[in-house]
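The values are calculated or read from the model by the stated rules, or taken from the named source; none is laboratory data. These numbers were taken from a predicted model, which means no experiment stands behind them. With ideal geometry, Cβ positions are generated from the backbone for all residues, glycine too; neighbour counts draw on all protein chains shown. Side chains included, ligands, DNA and RNA excluded: accessible areas come from the protein's heavy atoms. Shrake-Rupley method; radii C 1.70, N 1.55, O 1.52, S 1.80 Å.
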Amino acid sequence: MRLLGGSTPVVSSGGERWTAGAARTAFASGPVARIADLAPEGSMLVVAPHPDDESLGCGGLIALGARAGRRICVAALTDGGGSHPDSQAYPPARLADLRRSELRAAMDRLGGPAVSVGSFGAPDGRLETCEAQAQAWLARYGAGDPPGSVFVTWAADPHPDHTAAFRIAARQAALWCAALYVYPVWGLTLADADDAGPAAPCVRLDVSSVLDLKRLAIAEHRSQTTPLIDDDPGGFRLSAADVARHLGGYEVFMRVSDAA
């Protein structure tokens, strides 16, 4: 994944807007919720723009949901094949295959057979070019057991695939009449004064009891966290600070009621 400048604010009918600094303050002080509060009934669907976003933003949620006996579906919308564009050893198709296997290994760490995994396979960085097709795939993926709660990346995340994933999931969650929550990944890196879209109710999920599982799940994404791909010096790699940002004792979720 490569970060791109700019961000698209959450679609809203108006009201108070957050700066990124204000959003982070709210994230740190939001009320603590339980799995039963976020997903009181039905299955849970976690939508990830790229394989690894689910582990970074929702790894604890997934592990706690699995422990609670919930059915969890993870949907990766892009193939993740664009993180190392100059690699000869891992051209996009081979890298996409690797990232799918990393995603499955990560979910095995968090919940094993309780977590089903699906991949739409949009080209990395170009999800916005196939939003209708991605939503149709997502509708089919969840058709057998429509989720009661959907979790997707925050629209303030500064990456076009993250904002496209938000739009796709918001439209489909509305059709399912599912609760829609957003989780920040790269939005946590925005400068304090940056626009972070409309203020939204946020809660914190205590994931301290499964933090070791989350750490192991993130580590399964070896192509993104280690020098595994060593023939592209400009390729993407999560820094230690990037990983640490997501290994606090809480995960943050914002309820979005008017996003679609």
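Ellipsoid semi-axes for segment 126-220, based on the Cα gyration tensor and the rule √(5λ), read 23, 19, 15 Å when sorted largest first. For percent of Cα pairs over 29 Å apart, the value computed from the atomic coordinates appears in the list (1) 46; (2) 32; (3) 23 under label (3).
Taking all C-alpha pairs of segment 186-225, those more than 14 Å from each other amount to 69 percent. Note on residue 193/residue 143: beta-carbon distance plugged into 1/(1 + (r/R0)^6) with R0 of 51 Å gives a FRET efficiency of 0.75.
Cα gyration tensor of segment 191-260, axes a ≥ b ≥ c as square roots of the eigenvalues: rounded (a/c below 1.5), prolate (a/b > b/c) or oblate? Cα axes put segment 191-260 in the oblate bin. Summarising the strand pairing of the chain, around 30 percent of its internal DSSP beta bridges are antiparallel. The distance between label points at residue 174 and residue 17 comes to 2.1 nm (points 7 Å beyond Cα on the Cα→Cβ vector). Given their separation in residues at 0.36 nm each and the Cα-Cα distance between them, residue 226 and residue 126 gain 33.5 nm when the chain is fully extended. Taking Cα centroids, how far is segment 109-134 from segment 184-235 in Å? First find each Cα centre; the distance between them is then 17 Å.
Taking 108, 212 and ordering them by how much accessible surface each has at a 1.4 Å probe, largest first, produces 212, 108.
Helix content alone sets the calculated 222 nm mean residue ellipticity of the chain: runs of n ≥ 4 DSSP H residues at -39500 (n - 2.57) each, divided across all residues, give -11000 deg cm²/dmol. What's the carbon and sulfur percent of the chain's accessible surface, probe 1.4 angstrom, rounded to a whole number? Reported share for carbon and sulfur atoms: 54 percent. Please label the shape of segment 161-201 as rounded, prolate or oblate, based on the square roots a ≥ b ≥ c of the eigenvalues of the alpha-carbon gyration tensor (a/c under 1.5 means rounded; beyond that, a/b larger than b/c means prolate, else oblate). Verdict is prolate for segment 161-201. Under the classification rounded if a/c is under 1.5, otherwise prolate if a/b is larger than b/c and oblate if not, where does segment 1-145 fall, given a ≥ b ≥ c as square roots of the Cα gyration tensor eigenvalues? It comes out oblate by the Cα gyration axes. Averaged over its residues, the chain has an accessible area of 39 Å² per residue, based on protein heavy atoms and a 1.4 Å probe.
Charges were assigned to the Cβ only: +1 to each Lys and Arg, -1 to each Asp and Glu. The resulting dipole of the chain about its Cα centre is roughly 580 debye.
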